[in-house]
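The values are calculated or read from the model by the stated rules, or taken from the named source; none is laboratory data. Computed from a predicted structure; not experimentally measured. Using ideal geometry, Cβ is built from the backbone for each residue, glycine included, and neighbour counts are taken over all protein chains shown.
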Amino acid sequence: MPPDILDHPTSQDMVVQEGSNVTLTCAATGVPEPTVTWKREGEKSVTSV
């Protein structure tokens, strides 16, 4: 089954002060289970803690 990103009606734009933390959520389905990777401005992957 191809990957499918589940669109949530609560998705919205965010404004975050530089240096502050932000939480991003993505729900996706597929076989094999998709891996979600966040990138900032198409550059390096953003890591989480």
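Out of the stretch 9-42, which residues are of a type in the set (S, T, Y) and at pLDDT 85 or above?
Within the stretch 9-42, S20, T29, T35 qualify.
Taking interchain pairs and intrachain pairs at least six residues apart, which have beta carbon atoms under 8 angstrom, with the first residue in the stretch 26-37 and β-branched (V, I, T) and the second outside any loop (DSSP other than H, G, I, E, B) and surrounded by 10 or more Cβ atoms within 10 Å (Cβ to Cβ)?
From residues that are β-branched (V, I, T), the pairs are T29/D4; V36/A28.
Does S45 satisfy the criteria of being of a type outside the set (V, I, T), surrounded by fewer than 10 Cβ atoms within 10 Å (Cβ to Cβ) and either at pLDDT below 75 or touching a strand residue (DSSP E or B) at 6+ places or on another chain (Cβ under 9 Å) (or both)?
Yes: the conditions hold for S45.
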